[in-house]
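What follows is one structure encoded as structure tokens, with my remarks underneath.
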Amino acid sequence: MRVLTTTPFLNAAPGESVTCRLRIENDGRLPANYRLRIVGFDDDHVVFPATNGALAAGDVTDVDVLLTIPDAFAPGNHAIGVEVSSDRKQDSG
């Protein structure tokens, strides 16, 4: 699985919500289920779409993730990480 962001920069103040679009690609030869995680955000600040699931081999899908910027974030630029994992054995090792 591969993940890319199609919105590399997001503008929002603490307490505001913003949408981050991610492109998920199954770069394997078999179908696979995937899960997303935003590193650096508590789960209660992230809303994933209900379609967080399966992709056929070679398929690509765009996913919108709603992020609520924590009140504790200071003004300025912040980096976050996006982690994608799958149920393919070669991805878990």
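The values are calculated or read from the model by the stated rules, or taken from the named source; none is laboratory data. The shown structure was predicted, so the numbers you read here are calculated from the model rather than taken from an experiment. Virtual Cβ from ideal backbone geometry, glycine too; neighbours counted across all protein chains shown. To get the accessible areas, we keep the full protein, side chains included, count just its heavy atoms, and leave off ligands, DNA and RNA. Shrake-Rupley method; radii C 1.70, N 1.55, O 1.52, S 1.80 Å.
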Selection from the stretch 35-67 of residues in a strand (DSSP E or B) and at pLDDT below 90 yields 35, 36, 37, 38, 39, 54
Consider residue 23 carefully, then state whether it is outside any loop (DSSP other than H, G, I, E, B), touching a residue at least 24 places away in the same chain (Cβ under 8 Å) and either of a type in the set (Lys, Arg) or touching a Gly at 6+ places or on another chain (Cβ under 7 Å) (or both).
-> yes
The residue that is surrounded by the fewest Cβ atoms within 10 Å (Cβ to Cβ), considering only those in the stretch 6-27 that are modelled with pLDDT under 90 and touching a strand residue (DSSP E or B) at 6+ places or on another chain (Cβ under 8 Å), is 11
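Conditions (1) among the charged types (D, E, K, R); (2) open to solvent by 50 Å² or more (accessible area, probe 1.4 Å); (3) touching a residue at least 60 places away in the same chain (Cβ under 8 Å); (4) within 28 Å of residue 16 (Cα to Cα), marked per residue:
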| site | (1), (2), (3), (4) |
| --- | --- |
| 30 | no, yes, no, no |
| 46 | no, no, no, yes |
| 49 | no, no, no, yes |
| 57 | no, no, no, no |
| 63 | no, no, no, yes |
| 67 | no, no, no, yes |
| 70 | no, no, no, yes |
| 75 | no, yes, yes, yes |
| 82 | no, yes, yes, yes |
